[in-house]
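The values are calculated or read from the model by the stated rules, or taken from the named source; none is laboratory data. All values derive from a computational prediction rather than experimental measurement. Neighbour counts are summed over all protein chains in view; Cβ atoms, including those assigned to glycine, are modelled from backbone coordinates with ideal geometry.
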Amino acid sequence: MSFSELGLNPALLAALADSGYTVPTPVQAQAIPAAIAGRDLITCAQTGSGKTAAFMLPALHRLSLQERPATAAPRASRQGGRTPPRGREQERWQPARPRMLVLTPTRELALQVTAASEKYARRMHQVRAVAILGGMPYPKQLELLARNPEILVATPGRLIDHMASGRIDFSQLQMLVLDEADRMLDMGFIDDIERIVAATPASRQTMLFSATLDGTVGAMAQRITHDALRIEVDAPSARHGNIEQRMHFVDDLAHKNRLLDHLLRDASIDQALVFTATRRDADSVSDRLNIAGLNAAALHGDMHQGARNRTLAAMRRGQVRILVATDVAARGLDVPTITHVFNYDLPKAAEDYVHRIGRTGRAGRSGLAISLVHHAEQFNLRRIERFTRQSIPVEIVAGHEPTRRPQAAKPRPQGRPGGPAADRRNATHTDQRPDKAAANWRAGLPRSAHRDPTQGKQAGNARHRSSAGSR
Ligand code: AMP
């Protein structure tokens, strides 16, 4: 199938050709014709599936069919694009009246959505998109709103602030998109979202995108849409088929740091993203890597927006090879040259693992995701494997072997041949350990785990490797 068969207008088709996109992704093939027809969408799709274009292309198509409403004339000339004046002058200040609103969980994703809309709309006239974000200076935001953009991309909290001060009027709103809705709910935005939705016309078209449609997010999707087309691409088991996953067991922090340094020296890495659990760790790991002569930078929520943008720009230009980031900062990050993702710490939520590893293998490329796992994190690991319905093969690097073996998992009652439990039993058993190390290992485990770790099958899913990989 081609984009022209989906009914998009020539200006959009030309912009797609400029971007080198020839074939719609599955989510685009399903979403675009329905959204052009004005249908609401409830879409279960991951980042990397092409979901941004799946809502932005039909939205731009629909905007291109319309005249700009007379009530929404630009006021930038009247105000000179400056901060709105106070007092009597303020009476002449009119709110922005966007026709499309995209809500995203993070600033980075909002900026990416805005950039995508500019890319696709470059051959269209008179379509302006702006991002309204926390962390951006207030006068700058007012200046952007004064341009009366057709498309507003925003994080919920900051949008609420502007709605409360009367800077935004949703009476002309036709399309509402909730991007990564599950994530917005995880981040506690549910009340803000409800307030925003309540402020928009009931006649709007609503397009909701989410990595999962379970529980609260599924209920909200039903509540805010009308006769929506439900689209599900990528069952969890099929996620990230182009991304190879591996894990290494580590004994302690020093072992983890040594192993990370070693793995990051792999020549096959173009650019890598290293995830840490905390902002402080992002800074300290980045500092340590720089001292070790590896070109690294940190990205986290304690940094000012300007610094975050500069770091991301340096990453995109290839001036930074290793980005050390927290989950929120790296959410939605789309840098196609990231070949490797490292989990310096495993995420607590299994969904975050999927989002993290999806930062590599972008735009149809292959990628490698490597997790460094302390034996105490095995509970998290199993949760991740259950969620993705994939087991993560264990690797050992010669010279960096863990001295502790992973905890032997209970055999599965139904004798399933593969699966995470079998992999855990098979892990790291290609080398026999000295008795002393085994005794130490047992001594460090809770009573319930005092089971002979060698009792499982020895088929050996673990592979000895002498380097980080041969990709
Ligand atoms: P998304 O899921 O929206 O984050 O998109 C993932 C990546 O795929 C982005 O780098 C897009 O620019 C790219 N992309 C989106 N649609 C297509 C397509 N039809 N063909 C090739 N690449 C695409």
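For region 175-193, the count of residues that are aromatic (Phe, Trp, Tyr), in contact with a helix residue (DSSP H, G or I) (Cβ under 8 Å, 6 or more places away or on another chain) and assigned to a loop (DSSP other than H, G, I, E, B) is nonzero. Selection over region 288-302 of residues that are without any contact (Cβ under 8 Å) to a residue 24 or more places away in the chain and on the phi < 0 side of the Ramachandran plot gives a count of 3. Restricting attention to region 259-280, the residues that are buried (at least 16 other Cβ atoms within 10 Å of the Cβ) and more than 20 Å from the chain's Cα centre (by Cα) add up to 6. Within region 144-174, the set of residues being under 12 Å from Ala131 (Cα atoms) and assigned to a strand (DSSP E or B) comprises Ile151, Leu152, Val153, Ala154. Anything in region 360-382 that is over 16 Å from the mean Cα position of the chain (by Cα), surrounded by 16 or more Cβ atoms within 10 Å (Cβ to Cβ) and either in the same structural domain as Ala45 (by TED's automatic domain parsing) or not aliphatic (A, V, I, L, M) (or both)? List them, or say none. Residues satisfying the conditions are Ser371, His374, His375, Glu377, Gln378, Asn380, Arg382. Does Ile243 meet the test of being of a type in the set (Val, Ile, Thr) and modelled with pLDDT of 95 or more? No; evaluated as a whole, the condition is false for this residue. Consider Leu312 carefully, then state whether it is over 19 Å from the mean Cα position of the chain (by Cα) and crowded, with 18+ Cβ neighbours inside 10 Å. No, not satisfied. Taken over region 174-186, the residue count meeting the criterion of being farther than 16 Å from Thr106 by Cβ and surrounded by fewer than 21 Cβ atoms within 10 Å (Cβ to Cβ) is 1.
For the residues Pro98, Pro137, the requirement of being away from the ligand (no atom under 16 Å from the Cβ) and buried (at least 24 other Cβ atoms within 10 Å of the Cβ) singles out Pro98. State yes or no: is Asp214 without any contact (Cβ under 8 Å) to a residue 60 or more places away in the chain, of a type in the set (D, E, K, R) and not assigned by TED's automatic domain parsing to the domain that holds Ala350? Considered against the rule, which asks whether it is without any contact (Cβ under 8 Å) to a residue 60 or more places away in the chain, of a type in the set (D, E, K, R) and not assigned by TED's automatic domain parsing to the domain that holds Ala350, Asp214 comes out as yes.
The lone criterion from (1) surrounded by fewer than 22 Cβ atoms within 10 Å (Cβ to Cβ); (2) modelled with pLDDT of 95 or more; (3) within 11 Å of the ligand (Cβ to nearest atom) left unmet by Met56 is number (1). Going through (1) free of Cβ contacts under 8 Å to residues at least 24 places away in the same chain; (2) assigned by TED's automatic domain parsing to the domain that holds Thr52 one by one, Ala221 falls short only on (1). Applying a threshold of 6 Å to beta carbon distances and a minimum spacing of six or more residues, or different chains, the list of pairs starting in region 33-44 at a residue that is in the same structural domain as Val217 (by TED's automatic domain parsing) and closer than 12 Å to Thr206 by Cα and ending at one that is among the β-branched types (Val, Ile, Thr) and outside any strand (DSSP E or B) reads Asp40/Thr225; Ile42/Thr225.
The one condition from (1) more than 12 Å from the ligand (Cβ to nearest atom); (2) buried (at least 21 other Cβ atoms within 10 Å of the Cβ) that Ser4 does not meet is (2). Can you name the residue in region 7-47 that is assigned to a loop (DSSP other than H, G, I, E, B) and touching a strand residue (DSSP E or B) at 6+ places or on another chain (Cβ under 7 Å) and is also farthest from the ligand (Cβ to nearest atom) among such residues? Ranking the candidates gives Gly38 first.
If we keep just the residues of region 332-343 that are over 17 Å from Phe387 (Cβ atoms) and surrounded by 22 or more Cβ atoms within 10 Å (Cβ to Cβ), which is nearest to the ligand (Cβ to nearest atom)? Among those that are over 17 Å from Phe387 (Cβ atoms) and surrounded by 22 or more Cβ atoms within 10 Å (Cβ to Cβ), it is Gly332. Of all residues in region 10-31, which are closer than 18 Å to Arg122 by Cβ, without any contact (Cβ under 8 Å) to a residue 60 or more places away in the chain and touching a helix residue (DSSP H, G or I) at 6+ places or on another chain (Cβ under 7 Å)? Result: Leu13, single match.
When Ile357 is tested against the conditions (1) buried (at least 21 other Cβ atoms within 10 Å of the Cβ); (2) in contact with a Phe, Trp or Tyr (Cβ under 9 Å, 6 or more places away or on another chain), the lone failure is (2).
Residues that are assigned to a loop (DSSP other than H, G, I, E, B) and farther than 15 Å from Arg383 by Cα were ranked within region 339-371; the one that is modelled with the lowest pLDDT is Arg365.
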